[in-house]
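A quick write-up on the structure given underneath.
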Amino acid sequence: MEKLQPVRGTKDLLGEEYLRHERIVLEAKKIAEIYGYQGISLPIFEFSSVFKRSLGETSDVVGKEMYSFSDKGGEEITLRPEFTASICRSFISNGLQQSLPLKLFTHGPLFRYERPQKGRQRQFHQLNYEFLGPASPEIDAEVIAMAAHLLENLGVLEFTSLELNSLGCSETRKKYQAALVDYLKSYEKDLSDDSQTRLYKNPLRILDSKDENDKKIVINAPRINDYFTSEAQDFFEKLQEYLNILNIKFNVNPSLVRGLDYYNHTAFEFVTKELGAQGTVLGGGRYNGLIKQLGGDDTPGIGFAAGIERLALLSNISVSTTRSCAIILLNQDNINIAIKIANELRKKNFSIQLEYGIKFDKALKNTLKNNCNFVVFIGDEELKLNSVKLKNLDTRIEQIIKIEDLQNELC
Ligand code: HAM
């Protein structure tokens, strides 16, 4: 029979890789705590309309990448491709308007039917932070500073640079979009097929096209900053001022539009050259109209998400495991006493690896694999005196001690 494989674009997390993911989530939770974000856990699937109405029908995610199906009750369901839409849905469903301002943190698996490659999977994991309520540029600066802090704590910041743009308010967008379409129309035939489709549906996305010819056409396209209302201009200038005060380096990139339709004003990405084509480690921005668009009260929001797989590829954070104590039987007949000792020590919160039924040499090898710092050898002679042999694997010192003294020695 053919050996079973995981579905393309999915991955089992084992050993060191599992520990690295866990450690990244732990650091992310610490950051959430430092900045006052509460945890929230959301369903893995939602009604498809939650994402269709949020991310935009012309976004790649909705157009090509969603795992959608009808369930047995005939409901149109989608495995979540991102968190922001679900958080806004949850905000509305739970009547959280009363709790504003609200800072929420979540993490977990997401699903996008993309072509798998290094740093890109069909099931991947994100850390996600959202700040709902206030809509002033100091909030945006705080959120970006928090993102930088997270990357710094993971040892990733030094491999990234921050790209920043403003997509302005809806008035800015409307005027700019018209100017952009006007310009691009004269190159319509030369644009890539994808961009030709986007020209009338979502022209801004042409700005971040990866097609070489599109890139050449876009170089001379009108720039969004020439269409900012004074409010949008002010907002963006203030944000840059605050980032300078916070000593956060950034590069204003007028082509940065992000792949999802809900953004306005601030858009940002921490990008790296270390991961080949999948250079965006963390992305986010402001989405002031989204909750209203989904049927809630008009509530501004800003947030970001970072892909755990991409962070794990870049991070040098240590993933040392807790050290433990092995119990090795010199005579398998003494198993009764061994399980009793193991049980008592575990109840005192010691990490114990009880090695039964295997050869002595193999049991000793396992102490290395299991990162043990002590071994308890249970032998007939010592047991007669109600004792065991304890070896400290760091100092190599061995001693015979009473069983009742074991826990003091292990501390
Ligand atoms: P996004 O740019 O679609 O934004 O994804 C954020 C991050 O998730 C990316 O920068 C990348 O690290 C990771 N990512 C995305 N797709 C994949 C994939 N197929 N495989 C591995 N990693 C991936 C959002 O999802 C927005 N909801 C972010 C946000 C939150 N905006 C406001 N609040």
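Structure notes:
- Pairs are defined by a Cβ separation below 7 Å, a sequence spacing of at least 6 or placement on different chains, a first member in segment 73-87 that is closer than 13 Å to Val62 by Cβ and more than 13 Å from the ligand (Cβ to nearest atom), and a second member that is outside any loop (DSSP other than H, G, I, E, B) and among the hydrophobic types (A, V, I, L, M, F, W, C); the pairs so defined are Glu76/Phe47; Thr78/Phe45; Thr78/Phe51.
- Test: residue in segment 319-332 that is in contact with a helix residue (DSSP H, G or I) (Cβ under 6 Å, 6 or more places away or on another chain) and over 30 Å from Lys389 (Cα atoms): yes
- Residue check for Lys103: over 17 Å from Gly307 (Cβ atoms), within 13 Å of the ligand (Cβ to nearest atom), touching a residue at least 60 places away in the same chain (Cβ under 8 Å) and of a type in the set (Lys, Arg): yes
- Flag if Asn225 is more than 24 Å from the chain's Cα centre (by Cα), within 16 Å of the ligand (Cβ to nearest atom) and more than 18 Å from Gly284 (Cβ to Cβ): no
- Residues within segment 34-45 that are surrounded by fewer than 18 Cβ atoms within 10 Å (Cβ to Cβ) and under 21 Å from Gly284 (Cβ atoms), tallied: 7
- Looking across segment 130-177, the residues that are of a type in the set (Ser, Thr, Tyr) and more than 24 Å from Ile308 (Cα to Cα) come down to Ser136, Ser166, Ser170, Thr172, Tyr176.
- Inter-residue pairs, beta-carbon under 8 Å, first more than 19 Å from Gly9 (Cα to Cα) and in segment 48-70, second of a type in the set (Lys, Arg) and modelled with pLDDT of 95 or more, 6+ apart: Val50/Arg89; Phe51/Arg80
- Filter result for Leu313 (buried (at least 22 other Cβ atoms within 10 Å of the Cβ), within 26 Å of the chain's Cα centre (by Cα) and in contact (Cβ under 8 Å) with a residue 60 or more places away in the chain): no
- Residue check for Leu102: crowded, with 18+ Cβ neighbours inside 10 Å, out of contact with any strand residue (DSSP E or B) (no Cβ under 9 Å at 6 or more places or on another chain) and among the hydrophobic types (A, V, I, L, M, F, W, C): no
- Filter result for Arg198 (buried (at least 18 other Cβ atoms within 10 Å of the Cβ), closer than 30 Å to Arg8 by Cα and over 18 Å from the mean Cα position of the chain (by Cα)): yes
- Filter pass, Glu138 being part of a loop (DSSP other than H, G, I, E, B), out of contact with any Gly (no Cβ under 7 Å at 6 or more places or on another chain) and modelled with pLDDT of 95 or more: no
- Of all the numbered requirements in (1) closer than 18 Å to Leu127 by Cβ; (2) out of contact with any helix residue (DSSP H, G or I) (no Cβ under 8 Å at 6 or more places or on another chain); (3) in a helix (DSSP H, G or I), Ile339 misses one, and that requirement is (1).
Here is a yes/no grid of residues against (1) of a type outside the set (Ser, Thr, Tyr); (2) touching a helix residue (DSSP H, G or I) at 6+ places or on another chain (Cβ under 8 Å):
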| position | (1), (2) |
| --- | --- |
| Met1 | yes, no |
| Leu4 | yes, no |
| Arg8 | yes, no |
| Leu13 | yes, yes |
| Glu16 | yes, no |
| Val25 | yes, yes |
| Leu55 | yes, yes |
| Thr58 | no, yes |
| Glu65 | yes, no |
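The values are calculated or read from the model by the stated rules, or taken from the named source; none is laboratory data. Everything numeric here is computed off the predicted structure, so don't read it as measured data. Reconstructed Cβ throughout: ideal geometry from the backbone, glycine too, with neighbour counts over all protein chains shown.
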